[in-house]
Amino acid sequence: MTQKSFNLGDIISTSIVLVLFLAIFFVMIHMIKKMKATTPLPPQQTLQQQVEALTKRVQSLEQQLDKLSRTNRQ
């Protein structure tokens, strides 16, 4: 019965492949944890909602301007 001995090149190439697989495995775990940790952003306001908010602000400012102009007249 003959025994096959492994040469140094086989050991080195097998070790490199093993290290690469381990590195990919840990990077994937890190990426999954990172994705789970980030909270989803709330949806942005639509253009219509922004217009409505600005309209309310303008109306409020107009009312304040009317009040100020009334107090200046008196």
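The values are calculated or read from the model by the stated rules, or taken from the named source; none is laboratory data. No experiment lies behind these values; they were computed from the predicted model shown. Ligands, DNA and RNA are stripped out before the accessible areas are found, and what is left, the full protein with its side chains, is counted by its heavy atoms. Shrake-Rupley method; radii C 1.70, N 1.55, O 1.52, S 1.80 Å.
Things worth noting here:
- Here the Karplus relation 6.51 cos²θ - 1.76 cosθ + 1.60, evaluated at θ = phi - 60°, turns the backbone of segment 29-38 into coupling constants of 4, 4, 5, 5, 5, 5, 5, 5, 6, 7 Hz, with x for every Gly and Pro.
- In the full protein context, segment 16-74 carries 106 Å² of accessible surface per residue, based on a 1.4 Å probe and ignoring ligands, DNA and RNA.
- A helix-only calculation puts the chain at -27500 deg cm²/dmol for mean residue ellipticity at 222 nm, using -39500 (n - 2.57) for each DSSP H run of at least four residues, averaged over all residues.
- Gained length - Ser13 relative to Ala53, 0.36 nm times residue gap less alpha-carbon distance: 8.0 nm
- Carbon/sulfur fraction of accessible area - segment 1-58, other protein chains in place, 1.4 Å, %: 71
- Base-10 log of normalised Debye intensity for the chain (one unit scatterer per alpha-carbon) at q = 0.19 Å⁻¹: -0.93
- Counting only alpha carbon atoms, the long axis of helix 47-73 and the longest principal axis of the chain meet at about 30°.
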